[in-house]
Amino acid sequence: MYAIQVSKHGGPEVLDYTEAPSPTPSEEQVLVDVITAGVNYIDTYYREGIYNAQTPFTIGLEGVGRVVSDPKGEIAEGTMVAWNNAFGSYAEQVCVDRNRMVAVPDDIDTNVAGTMLLQGMTAHYLIQGVYELDENSTCLITAGAGGVGLLATQMAKAAGATVYTVVSSDEKEQLSFEAGADQVFRYSGGLAEQVRRFNGGRGVDVVYDGVGKETFQESLEVVRPRGVVCLFGAASGPVEPVDPQVLNKHGSIFLTRPSLGAYTATDAEFQMRASTVVQMVNEGKLHFRVHDIYDLKDARQAHEDLQNRKTTGSVVLRVREA
Ligand code: NDP
């Protein structure tokens, strides 16, 4: 089969479209023919070596495809499934843990299905798990037109919250408004000050910061006393170590660095979040913008575009026809 392999850590140029042996499923897995694979920021951390994976490896975590074989004989061949945590997903075939996948209804587009779980479940735990938003809450979401950003905005609006976002261009501003943002800001000119001026000086209850290095200081400053800074990513680079005294200085604020893994710690929690996302998509309550679709062999270009802030919404690699 063909796959995207990383034999040394580095920039997008280390992604090689190459032949690799088909993987063999364990008893707890099924073998799947991949249709589309989701491209996520976390893939760039593995590629660069910020997250640990021993080289050489096939990159990618997420996708949709049809079951080819099940060692236990429980899942019928041809069943369409989606997953968010099968290492080696940028490939024609991958092994997926049987307890960490969901069946995909036929009417969900495979471009959406291949990218809906990782970002959709992340948005779900941010909005429903880290801080429970309601109609009295105000939040700020960084990278509001990104994959997670557009979904978190929709979920926060569905919870009744006032949603502010921050983006880098006019096009992204438009998309963020379309997703439901009440006000969209730009990074320049003191983000915290702009937001506070807008909401009467109060600050927000929670900031969801997936940008990291370039926004973290503004995030500390934008939350109200006893508010929550949820640092969930590092698109602009990792944040420097923090002195806990900083949390006191900003009014007894809380800082959390959550992961999807911790918020899907049990199979039951995984199934709850995954099936909620599938249901929301199926009922038209959660819209995915899959603007950027690349062939598997063009994974380098997909990573370049993602890291150069050229993409909006979800990014997909097409592996084979559905
Ligand atoms: P996005 O589609 O949001 O892409 C990243 C965006 O970050 C860019 O489009 C850009 O939007 C913004 N950005 C700001 N500064 C920079 C910079 N210097 N370089 C590159 N991008 C920058 O990606 P995802 O939706 O895949 O992921 C968003 C974040 O969420 C990532 O940090 C990711 O690691 C994190 N994440 C965390 C999870 C968790 O459980 N903790 C799970 C899933 C994702 P703009 O141009 O508008 O600034």
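The values are calculated or read from the model by the stated rules, or taken from the named source; none is laboratory data. Small disclaimer: the values here were computed from a predicted structure and weren't measured. A quick note on method: Cβ atoms are made from the backbone with ideal geometry, for glycine too, and the neighbour counts reach across all protein chains shown.
Things worth noting here:
- Residue selected from the stretch 159-188 under the condition within 20 Å of the chain's Cα centre (by Cα) and part of a loop (DSSP other than H, G, I, E, B), by the criterion nearest to residue 141 (Cα to Cα): 181
- Test for residue 93: is it of a type in the set (S, T, N, Q), touching a strand residue (DSSP E or B) at 6+ places or on another chain (Cβ under 8 Å) and away from the ligand (no atom under 14 Å from the Cβ): yes
- When the residues of the stretch 132-159 are filtered to those that are away from the ligand (no atom under 13 Å from the Cβ) and closer than 18 Å to residue 276 by Cα, the one that is surrounded by the most Cβ atoms within 10 Å (Cβ to Cβ) is 156.
- Pick from the stretch 233-275, criterion surrounded by 17 or more Cβ atoms within 10 Å (Cβ to Cβ) and away from the ligand (no atom under 16 Å from the Cβ), ranking: nearest to the chain's Cα centre (by Cα): 253
- Residue check for residue 185: within 16 Å of the ligand (Cβ to nearest atom) and of a type outside the set (A, V, I, L, M): yes
- Pairing residues of the stretch 239-250 that are assigned by TED's automatic domain parsing to the domain that holds residue 226 with residues that are part of a loop (DSSP other than H, G, I, E, B) and charged (D, E, K, R), at Cβ distances under 9 Å and at least 6 apart in sequence or on separate chains, gives 239/213; 239/257; 240/213.
- Segments classed as helices (runs of 4 or more DSSP H), wholly inside the stretch 210-306, with at least 2 members that are closer than 20 Å to residue 133 by Cα: 216-222, 267-282
- Meets criteria (of a type in the set (A, V, I, L, M) and in a loop (DSSP other than H, G, I, E, B)) for residue 50: yes
- Extreme residue, nearest to residue 234 (Cα to Cα), among residues of the stretch 162-178 that are more than 8 Å from the ligand (Cβ to nearest atom) and in contact (Cβ under 8 Å) with a residue 40 or more places away in the chain: 164
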